[in-house]
Amino acid sequence: MLEKARKVISYLKKQGVEYADIRLHELDEEESISTLNGDIEDYQLNNKQGYGIRVLMNGAWGFSSSEIMTLEAMKSTGDTAIEKAQSASAFIKQPIILAKKETIIDSYYSPCEIDPFTISAEEKITRLLTLDKQLQHEKFEYSGVHCHFYKRHILYVDSDGSEITRHLMEIDAGFFADALDKDGHKQRRSFNMPQNTEGTTGWENIINDQQFDHTLRIRDELLGLLDAPLCEKEVCDVILLPEMMALQTHETIGHALELDRILGYELSYAGGSHVELADFGNLQFGSNKLNARADGTLANSPGSIGFDDDGVKARNVTLIENGQLQDAITSRQMIMEANAKAGRQIFDLSGATCRSQNYSNLPIERMNNINVDFGCDGSLEKIIASTENGLLMETPRSWSIGSNRENFHFATEIAWKIKDGQIQHMVRNATYRGDSLPFWRSLDKVGDQSTWELQPVFHCGKGQPNQIMRLAHGVPACRFSQVQVGE
Ligand SMILES: [Zn+2]
């Protein structure tokens, strides 16, 4: 396959392209299993092969993809990409320029101990049904467990001489239970399996009780919620646990700092960003306790892919340092466009975040691991003990974001009232809201490493046509002061 890819790139160069790359998905397997109320709800096993060819010609992109893997078909797909670039070049306002990058000949392997595709469907279903049974209770309406396994072997070759192979494994696993509370309204508790940053991504996670089997805790929390008092409307401190911190970070740091969005590319779909080019190096985004990064170099995460679809090696980029905005989520094309628009060099190298959903999509800027560093305010217990009046909140239930990510309103599945440094009781239908910048500036406690967790996100949507991306957020427990809750 490598020989074919080289020949296609050589052919495209002879046609006069300024740049070309081919991404070959030699293997692209997905397996999905879900259970519902003690039975199999869904089982799917999909396998496909294909490739996408991207060319830059006359200052414009052209892209085409195919599943026919012969050399002739590849050349023909390349011809289509060239035709599209030529057509598009008539409409561009400014020619696309790509930032410099290294020529790379390398490989990347997701760490994996037990390949889930070597485990029989029967064994997988048995494990899921065991967990489903543990979740069940006579007061519950529904309970279910799901696992999705993704395995891809991708070969990337470009006209600059880079040749990169990637062997990626990702697992999305979790469960939920639903019940009606004393007022007849639905309550849910769910669990999203975090990534083991020191470990591996394979079947070994699913059979590890410590990693995956939190069913009895989740069942008991849902039972407690059914009779819990409603969240009162007030202004108080909120402590967000990692599942909730992941959403907060995703929506108000991650999406807000995608450079294509800042340049206006997502306006017609999922909105823009309140961040402007003039803000980099100048804007106090959060309190001085806030340090955030786009870290594609973490060992084990769906946000760690070794090299992006521009062929740039993963980097660990500081986005926010001591609260001040420093950098963005960037690709080769967008940093050049942003620098030109700003009339100064804000960005130097690509952050290696140009990714596509699969071979049939053009890559765009996507989050990798958008993390908040753990801090030095101690354990969760210590933060709770220092809170006079607050709410401890966990797991997104619903979310609503301003069109420029400037404000938000989030509901959590569960919360606990804190009074005078102690947890008093569980709270139902908890919500909080805020304006993004004042909210991050109110960050006054950042938990230590014991509170930090890598929470994966498997369904981030962006782009037209829409592309679903898999990524993660490494986040500690954090406290924000004087937040509006319960409305
Ligand atoms: Zn998203």
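Things worth noting here:
- Selection status of LEU267, without any contact (Cβ under 8 Å) to a residue 24 or more places away in the chain and either more than 27 Å from ASN192 (Cβ to Cβ) or not charged (D, E, K, R) (or both): yes
- Selection from region 336-355 of residues that are under 18 Å from the mean Cα position of the chain (by Cα) and not charged (D, E, K, R): GLY351, ALA352, THR353, CYS354
- Filter result (of a type in the set (A, V, I, L, M, F, W, C) and farther than 20 Å from THR387 by Cβ) within region 402-425: PHE408, ALA411
- Applying the condition of being within 34 Å of the chain's Cα centre (by Cα) and of a type in the set (S, T, N, Q) to region 71-84 and asking which residue is surrounded by the most Cβ atoms within 10 Å (Cβ to Cβ) yields THR77.
- Looking only at residues of region 85-111 that are of a type outside the set (A, V, I, L, M) and surrounded by 17 or more Cβ atoms within 10 Å (Cβ to Cβ), we find that the one that is nearest to TYR359 (Cα to Cα) is SER110.
- Matching residues, region 418-444, being of a type in the set (D, E, K, R) and touching a residue at least 40 places away in the same chain (Cβ under 8 Å): ARG428, ARG433, ARG441, ASP444
- Selected residue (only one of ILE119, ILE171 is surrounded by fewer than 19 Cβ atoms within 10 Å (Cβ to Cβ), under 24 Å from ASN47 (Cα atoms) and at pLDDT 95 or above): ILE119
- ARG479 being outside the structural domain of GLN210 (by TED's automatic domain parsing), crowded, with 22+ Cβ neighbours inside 10 Å and in contact (Cβ under 8 Å) with a residue 60 or more places away in the chain: yes
- The residue that is farthest from the ligand (Cβ to nearest atom), counting only those in region 451-472 that are among the hydrophobic types (A, V, I, L, M, F, W, C) and over 8 Å from the mean Cα position of the chain (by Cα), is TRP452.
- Being of a type in the set (Gly, Ala, Ser) and in contact (Cβ under 8 Å) with a residue 40 or more places away in the chain holds for only one residue in SER66, SER110, SER76, and it is SER110.
- Region 168-215: number of residues that are aromatic (Phe, Trp, Tyr) and on the phi > 0 side of the Ramachandran plot: 0
- Residue match in region 232-241 (condition: within 16 Å of the ligand (Cβ to nearest atom), out of contact with any His (no Cβ under 9 Å at 6 or more places or on another chain) and either farther than 25 Å from TRP452 by Cβ or among the aliphatic types (A, V, I, L, M) (or both)): no
- Residue within region 413-428 that is surrounded by fewer than 17 Cβ atoms within 10 Å (Cβ to Cβ), farther than 24 Å from LEU263 by Cα, of a type in the set (S, T, N, Q) and modelled with pLDDT of 95 or more present: yes
- Residue in region 286-305 that is within 16 Å of the ligand (Cβ to nearest atom) and aliphatic (A, V, I, L, M) present: yes
- Subset of region 356-393 (residues that are more than 18 Å from the chain's Cα centre (by Cα), buried (at least 20 other Cβ atoms within 10 Å of the Cβ) and assigned to a strand (DSSP E or B)): GLY390, LEU391, LEU392, MET393
So that you can scan it fast, the table gives a plain yes or no per residue for (1) aromatic (Phe, Trp, Tyr); (2) closer than 22 Å to ASN361 by Cα; (3) buried (at least 20 other Cβ atoms within 10 Å of the Cβ); (4) free of Cβ contacts under 8 Å to residues at least 24 places away in the same chain:
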{"site": "VAL8", "(1), (2), (3), (4)": "no, yes, yes, no"}
{"site": "GLU30", "(1), (2), (3), (4)": "no, yes, no, no"}
{"site": "THR35", "(1), (2), (3), (4)": "no, no, yes, no"}
{"site": "ASN47", "(1), (2), (3), (4)": "no, yes, no, yes"}
{"site": "GLY59", "(1), (2), (3), (4)": "no, yes, no, no"}
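- Within the set THR353, THR330, the sole residue that is away from the ligand (no atom under 16 Å from the Cβ), crowded, with 17+ Cβ neighbours inside 10 Å, among the hydroxyl-bearing types (Ser, Thr, Tyr) and in contact (Cβ under 8 Å) with a residue 12 or more places away in the chain turns out to be THR330.
The values are calculated or read from the model by the stated rules, or taken from the named source; none is laboratory data. This is a predicted model, so every value here is computed, not measured. Methodologically, a virtual Cβ is constructed for each residue, glycine included, from the backbone with ideal geometry; neighbour enumeration extends over all protein chains shown.
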